[in-house]
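So the structure is just underneath, and the comments pick up after that.
The values are calculated or read from the model by the stated rules, or taken from the named source; none is laboratory data. Everything numeric here is computed off the predicted structure, so don't read it as measured data. Cβ: placed from backbone, ideal geometry, glycine included. Neighbour counts: every protein chain shown.
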């Protein structure tokens, strides 16, 4: 096939799409090559060196940036490769905050998985450790916290902000041991260009970017976000009878794993004690609870009264459409207002 290439990985014949990297070809074939800075949504970065492989006739290289070419022979494990990979992980962990039990990413942290994979020797870590920094945690954002002490400088958050969101609110700053992922002028995240979309939080492989008051769900329910008419698919994280988080559906063609700040973090209203849970109808000058049938009958009667009024008095009637419904629903709504109610007093909340 013209759009594929054939190569050999760990003795296995692999067919990959043209343009794929060795790392992508291996994972598509079910061959695991560990990595930390790689993410399928982003351009290869190649800074963690953990995806190192051996190419026959060419030596060792990183697989996330190496194109898969015809006839390539790849070895993903071996004494030298394993030593390189282990040292790369040790250097990351050496000055990393290792209080894993207090981290909300515990048990689903990529660095933990890598440590288990390569095997960590405490004595070697103690010799490599040059001291742990205790940098202040940025809690200025209302939806998530940023902890420099847990950052591994993989660059996933920086690239997400630049490549996916196009916001460029964060970047690498300073040099060497003092390197940090910072906003412009190292201001708190709330004072930066950050849009609080949470895309960086969703992709952070460790516990550097975590939602506030995080609670791990016990199950998920797939549904559609109701904040606008786009129809982004989401997974609601549920614990008991409460929604505790939202995750984007990566396989859905509408949003492809992305969400805005409302879709990702705007779920707390669900359990707000002030939320209306039943229709209210005005009786004797005061709002009183009613059933849906009573409320709909009341609305229908008043609409009928407006529509049957003679002359131009129907201009007293106005309608406001909603951005939280689909385009089709809004079309039917405006048709009802113009054709049935006989007025053009129609507006849309997204314009206000």
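Among the residues of region 209-222, is there at least one that is in a helix (DSSP H, G or I), surrounded by 14 or more Cβ atoms within 10 Å (Cβ to Cβ) and either out of contact with any helix residue (DSSP H, G or I) (no Cβ under 7 Å at 6 or more places or on another chain) or not assigned by TED's automatic domain parsing to the domain that holds residue 324 (or both)?
Scanning region 209-222 turns up no residue that is in a helix (DSSP H, G or I), surrounded by 14 or more Cβ atoms within 10 Å (Cβ to Cβ) and either out of contact with any helix residue (DSSP H, G or I) (no Cβ under 7 Å at 6 or more places or on another chain) or not assigned by TED's automatic domain parsing to the domain that holds residue 324 (or both).
Taking the conditions exactly as written (closer than 30 Å to residue 322 by Cα, assigned to a loop (DSSP other than H, G, I, E, B) and in contact with a helix residue (DSSP H, G or I) (Cβ under 6 Å, 6 or more places away or on another chain)), does residue 228 satisfy them or not?
no
Read through the list (1) within 21 Å of residue 106 (Cβ to Cβ); (2) in contact with a strand residue (DSSP E or B) (Cβ under 9 Å, 6 or more places away or on another chain); (3) surrounded by 14 or more Cβ atoms within 10 Å (Cβ to Cβ), then give the number of the only condition that residue 239 fails.
(3)
Starting from residues that are closer than 20 Å to residue 202 by Cα and part of a helix (DSSP H, G or I), keep the ones in region 102-122 and report whichever is modelled with the lowest pLDDT.
The selected residue is 102.
Would you mention how many residues in region 339-349 are assigned to a helix (DSSP H, G or I) and either at pLDDT 90 or above or under 29 Å from the mean Cα position of the chain (by Cα) (or both)?
Adding up the residues that qualify gives 1.
When you scan region 50-62, how many residues do you find that are assigned to a loop (DSSP other than H, G, I, E, B) and surrounded by fewer than 20 Cβ atoms within 10 Å (Cβ to Cβ)?
Here the count works out to 3.
Looking at 44, 34 in this structure, which one is more than 18 Å from residue 72 (Cβ to Cβ) and either in a loop (DSSP other than H, G, I, E, B) or touching a helix residue (DSSP H, G or I) at 6+ places or on another chain (Cβ under 8 Å) (or both)?
34
Return a yes/no flag: does region 320-327 have any residue that is closer than 30 Å to residue 194 by Cβ, in contact with a strand residue (DSSP E or B) (Cβ under 9 Å, 6 or more places away or on another chain), outside the structural domain of residue 340 (by TED's automatic domain parsing) and not in a helix (DSSP H, G or I).
no
Count, please, the residues in region 151-197 that happen to be touching a residue at least 40 places away in the same chain (Cβ under 8 Å), in a helix (DSSP H, G or I) and more than 19 Å from residue 37 (Cα to Cα).
Final tally of qualifying residues: 3.
In the list 196, 192, which residue meets the criterion of being within 14 Å of the chain's Cα centre (by Cα) and either closer than 28 Å to residue 326 by Cα or buried (at least 18 other Cβ atoms within 10 Å of the Cβ) (or both)?
Just one listed residue meets the conditions, 196.
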